[in-house]
Each structure stands twice: as C-alpha cells, then as structure tokens.
Amino acid sequence: MEGEVKPSRALDAARYEQAQQDPLTHDIHAALQQRGKYMGSVSTLTSLNQELPYRDLEYTYQLYPEKLTAQLHFKRPSDEVEQGFFRRMIMYNATANLGLVDNMEAMDFHFPDAVYSVQRSQLMSWYGLHSHAELTEIEVWKAIVQEQVRRPDRVDAFYEQVVEISVP
C-alpha cells in the first residue's frame with residue numbers, strides 16, 4: 001500500500017495541479033467557491049486568484065474601491081511572458097475576476113512595461129452575455145469561456161477588442 005497508493009495519489013495531485021495552470025484544463029469549481037459580492041475584500045480577491053491559472057506569476061494587489069477596480073501588480077515585464085500564454089491569462093483571469101466578483105467593474109493587470117485593462121461592460125458584450133452572473137454556471141463557463149480560450153483566433157480577438165493597453 002505504501003509503495004503503490006501514496007505515490008499514485010501524489011502523481012494524481014501533481015497532474016491536477018498542472019491542469020489547474022492551464023485555462024484549457026482548469027477546473028473552475030474551486031474558483032466558483034470564492035465568488036464574492038464586493039471587490040473591496042482583499043481576501044476574496046486573493047482566494048479567487050489563487051484558484052486561477054497562472055497563479056505562480058508573482059504579483060500583489062491594489063484596490064480602487066471608488067472606481068470599482070482591482071489591479072494586480074506583476075513583478076516581471078509582460079514582454080518576458082510568452083505571448084500566447086500571456087493573452088490567455090489576461091482573457092481567462094479577467095473573465096473570472098469580473099464574472100465572480102459582483103461589484104467589480106474593471107480589472108487591471110499592471111506590469112512594469114504596460115497596464116492591460118478590461119472593463120466588465122466590454123467583456124460581457126464580447127461574450128454576448130446579459131449579466132456577469134451567467135458566468136457562475138459551470139456549463140456556461142465551459143461552453144463560453146473555455147471554448148473561446150481554446151481558439152487562438154478568439155483569444156487574439158478578445159485581446160484586440162476588449163483589452164485596453166497603456167504605458168505607466
């Protein structure tokens with residue numbers, strides 16, 4: 001038992017953790033448990049983002065409650081991150097944050113070389129949704145978000161049509 005079951009469980013856990021780092025295989029269940037009403041709760045944002053892909057990139061938080069905006073401050077420049085990986089991260093994680101935190105209206109990904117902003121209204125329009133609450137349904141998430149992120153052309157379209165880029 002010691003030589004067979006424990007290594008098998010450890011291998012399964014490692015595979016699951018690896019799958020959680022990729023939007024294509026990410027299991028949204030744990031992130032849905034972190035849904036919150038108010039973006040002003042750092043614990044809600046911390047817990048939510050720890051359940052999302054790319055959590056291994058180093059970042060800190062800054063909240064702007066008067067603008068209903070959360071900002072993640074990354075330590076390394078965006079141009080050091082592989083572009084396909086980077087664009088999927090912006091799309092998937094912005095959608096999760098804006099879909100699962102009720103009063104958040106904008107999400108900023110602040111890198112030393114640029115700031116990438118996503119507005120909830122533009123995100124919802126791009127997905128063709130009427131309410132961010134629709135994203136809390138697992139089947140909707142899989143059908144809409146994960147299917148879009150599978151297609152590089154859709155990821156590029158999201159990046160070009162929804163993401164606003166500015167230089168700090």
Could you please find all residues in segment 120-137 being among the charged types (D, E, K, R) and surrounded by fewer than 19 Cβ atoms within 10 Å (Cβ to Cβ)? GLU134, GLU137
Just name the residue that is most open to solvent (accessible area, probe 1.4 Å) out of those in segment 1-35 that are among the aliphatic types (A, V, I, L, M) and modelled with pLDDT of 70 or more. LEU24
Please indicate, with yes or no, whether at least one residue in segment 93-105 is crowded, with 20+ Cβ neighbours inside 10 Å, within 16 Å of the chain's Cα centre (by Cα) and assigned to a strand (DSSP E or B). yes
Residues that are open to solvent by less than 40 Å² (accessible area, probe 1.4 Å) and in a loop (DSSP other than H, G, I, E, B), drawn from segment 36-76: MET39, SER41, LEU52, PRO53, TYR54, LEU57
Matching residues in segment 42-99 - criterion: being in contact with a strand residue (DSSP E or B) (Cβ under 9 Å, 6 or more places away or on another chain), polar (S, T, N, Q), within 21 Å of LEU24 (Cβ to Cβ) and at pLDDT below 90: ASN49
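Open to solvent by less than 70 Å² (accessible area, probe 1.4 Å) and among the basic types (Lys, Arg): is that true of ARG151 in this structure?
When the stated conditions are applied, ARG151 does not pass them.
The values are calculated or read from the model by the stated rules, or taken from the named source; none is laboratory data. This structure is a prediction, so every number in the text was calculated from the model and none was measured. Positions of Cβ are backbone-derived with ideal geometry, glycine not excepted, and every protein chain shown enters the neighbour counts. For accessibility, only protein heavy atoms count, side chains too; no ligands or nucleic acids. Shrake-Rupley method; radii C 1.70, N 1.55, O 1.52, S 1.80 Å.
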